[in-house]
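> Submitted below is the structure of interest, expressed as structure tokens.
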Amino acid sequence: LLPLGMAIAALLVGVVVWMSRRRLSPLGELTRAVRHREFVVHYQPLMELKSGICVGAEALVRWRRPDGTMVRPDLFIPLAEESRLILPITDQVIDAVIAELGPTLVADRSLHIAINFSADDIKTGRMLPLLEEKLRAAGIKPQQIWLEATERGFLDIEAARATMAKARAMGHSVAIDDFGTGYSSLQYLQDLPLDALKIDKSFIDTIGRGSATSSVTPHIISMAKTLGLFSVAEGIETQEQADSLIAQGVEFGQGWLYGKPVPAAAFAAFHAQNKAT
Ligand code: C2E
Ligand code: CA
Ligand code: CA
Ligand code: CA
């Protein structure tokens, strides 16, 4: 009997080891990541360009795998969107913002955090009541949370309009992300209740280069003004770009010139050094 028992035990151990070593499919791995909450959020400073004051940050998700490697969002967000795992990932980003920066947001009401929402988030709008409840519990004002959505979120234009109107009624500001990279931006501008345009990095890159698209950037900026929207420039890397944007009246910006995305504690320290006095 003893040898048989040992054989069965060995077999069981073998199965457990095999199961734990087995390579999961990318979707299987992402599902596990959601279940084990393997996502971390980094924060990139958002500056008021003219004054050089830090007014907030954009929350940018990363996937920290069990072996410690960090995976960039552009490598897993598409799969997350396709599989709708983006919905629980968005929830985890919201939870991270509140857990990591809640006290800082309560202590400084002029601090804002911009959160990225995917097409499914915008289409369903399901995150809004949850967000409202979580913010209230933490004592954070909805005005302190900005929503960013790309044009992919507007395919169902009626649903997008409803979600954005609800978000604004709650007190959030809403921005079109990566503005200018889609196909029908102008239509969206007319149809959606918006507060801000986030000018894509590809346009900022052209500043000072005398290329064809560099002549488009001033028009995007003046269009935002005509529509009463504020603008945010992303991917500012040089002082020359910053000076040009300031001269053109762009209110806010972010980029490596000011700071890369960093963990919450490093951002809070940066903000303490660069906030309005
Ligand atoms: P995005 O929303 O356009 O975010 C800006 C990206 O540009 C970030 O890349 C940021 O790190 C990078 N960046 C900022 N300043 C500079 C600069 O001066 N130079 C250069 N070369 N790059 C700069 P990241 O963090 O890799 O995010 C990539 C994209 O992944 C984001 O683009 C966004 O579309 C998506 N993403 C990130 N976090 C989330 C999230 O929580 N939810 C959703 N749905 N999407 C997210
Ligand atoms: Ca964004
Ligand atoms: Ca962007
Ligand atoms: Ca972009």
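The values are calculated or read from the model by the stated rules, or taken from the named source; none is laboratory data. These figures come from a predicted structure and were not determined experimentally. Note: ideal-geometry Cβ built from the backbone for every residue, glycine included; neighbour counts use all protein chains shown. Heads up: the accessible areas ignore ligands, DNA and RNA and are worked out on the full protein's heavy atoms, side chains in. Shrake-Rupley method; radii C 1.70, N 1.55, O 1.52, S 1.80 Å.
> Count the DSSP beta bridges whose two residues both fall in the chain, then state the antiparallel fraction as a percent rounded to the nearest 5. Show your work: numbers first, answer last.
Details: 15 of 37 bridges.
Antiparallel: roughly 40 percent of the beta bridges in the chain.
> Further, regarding this structure: Considering only DSSP states other than H, G, I, E and B, which trypsin sites (Lys or Arg not before Pro) in region 50-144 qualify as loop sites with at most 16 other Cβ atoms within 10 Å?
Values: sites: LYS50, ARG62, ARG64, ARG84, ARG109, LYS123, ARG126, LYS134, ARG136; in loops: LYS50, ARG84, ARG109, ARG126.
Those satisfying the criteria are LYS50, ARG84, ARG109, ARG126.
> A further question follows. So for region 99-209, taking the charge dipole from beta-carbon charges (+1 Lys/Arg, -1 Asp/Glu), which of GLY139, LEU194, GLY125 sits furthest toward the positive end?
After comparing all options, I get GLY139.
> Just to verify a number: FRET efficiency for ALA247 and ILE53, C-beta to C-beta distance, R0 = 22 Å, to 0.05? If you can, show how the numbers build up before the last one.
Details: r = 18 Å, r/R0 = 0.83.
Computed FRET efficiency for ALA247 and ILE53 comes out at 0.75.
> Now, a different point. Under a no-solvent Debye model with one identical scatterer per Cα of region 1-133, what's log10 I(q)/I(0) at q = 0.19 Å⁻¹?
Results for region 1-133 at q = 0.19 Å⁻¹ read -1.12.
> How many Å² of accessible area per residue for region 124-171, probe 1.4 Å? Display every interim value, and only then the final one.
Values: 2280 Å² over 48 residues.
Solvent-accessible surface per residue comes out at 48 Å².
> Further question: For the chain, what is the convex hull volume of its Cα atoms per residue in Å³?
Values: hull volume 44.9 nm³, N = 277.
Looking at the chain, the number lands at 162 Å³ per residue.
> Provide the per residue accessible area, probe 1.4 Å, for region 226-277, rounded to a whole number of square angstrom.
Numbers: 2620 Å² over 52 residues.
With the other protein chains kept in place, region 226-277 gives 50 Å² per residue.
> Restricting attention to region 194-237, which trypsin sites (Lys or Arg not before Pro) occupy a DSSP loop and are surrounded by at most 14 other Cβ atoms within 10 Å?
The qualifying sites are ARG209.
> Binning every alpha carbon pair distance of region 106-196 at 5 Å from zero, what are the percents per bin?
3, 14, 27, 25, 15, 9, 5, 2, 0
> Rounded to the nearest 500, what is the 222 nm mean residue ellipticity of the chain from helices alone, with -39500 (n - 2.57) per DSSP H run of 4+ residues and division by all residues?
Values: 12 runs with 133 residues, N = 277.
After summing the helix terms and dividing by the residues of the chain, the value is -14500 deg cm²/dmol.
> Need the full-extension length gain, ALA272 to TYR183, defined as separation in residues times 0.36 nm minus the C-alpha distance. One decimal, nm.
Details: separation 89, 0.36 × 89 = 32.04 nm, distance 3.98 nm.
Answer, rounded to one decimal: 28.1 nm.
> Order the following by accessible area, largest value first: ASP156, ASP120. Probe radius 1.4 Å; ligands, DNA and RNA are ignored.
Numbers: ASP156 65, ASP120 30 Å².
Order by accessible area, largest first: ASP156, ASP120.
> Ignoring ligands, DNA and RNA, what percent of the 1.4 Å accessible area of region 1-135 is carbon and sulfur?
Details: 4580 of 7230 Å².
Of all accessible area on region 1-135, carbon and sulfur atoms account for 63 percent.
> Using 0.36 nm per residue, how much length does the chain from THR238 to THR31 gain when fully extended, once their Cα-Cα distance is taken away?
Contour length minus the Cα-Cα distance gives 70.6 nm.
> Can you tell me, using C-alpha contacts under 8 Å and at least 6 residues apart, the relative contact order of region 58-209 as a whole percent? All intermediate terms of the calculation are to be shown ahead of the outcome.
On the way: 194 pairs, mean separation 27.7, N = 152.
The value is 18 percent.
> Now a separate question. Please work out the FRET efficiency for the pair ALA265 and ARG168, using the Cβ-Cβ distance as r and a Förster radius of 25 Å; give the result to the nearest 0.05. Walk me through the numbers before you get to the answer.
Numbers: r = 32 Å, r/R0 = 1.26.
FRET efficiency, ALA265 to ARG168: 0.20.
> Can you give the relative contact order of the chain as a percent, counting alpha carbon pairs under 8 Å and 6+ residues apart?
Worked out over the chain, it gives 20 percent.
> I've got another one for you. Distance between the C-alpha centers of region 228-269 and region 167-189? Whole Å please.
Between the Cα centre of region 228-269 and that of region 167-189, the gap is 19 Å.
> In addition: Counting only chymotrypsin sites (Phe, Trp or Tyr not before Pro) that sit in a DSSP loop (anything but H, G, I, E, B) with at most 14 other Cβ atoms within 10 Å, what is the longest stretch of the chain containing none of them? Present the calculation step by step, with values, prior to reporting the outcome.
Numbers: sites that count: TYR183, TRP256.
Between exposed loop sites, the widest span is 1-182.
> Here is a follow-up. Can you pull the accessible area of ASP177 for me, 1.4 Å probe, Å² to the nearest 10?
That residue has around 10 Å² of solvent-accessible surface.
> Quick one: pull the percent of accessible area on region 141-272 belonging to carbon and sulfur, 1.4 Å probe, ligands and nucleic acids left out.
Working: 3440 of 5870 Å².
Ligands and nucleic acids excluded, carbon and sulfur give 59 percent.
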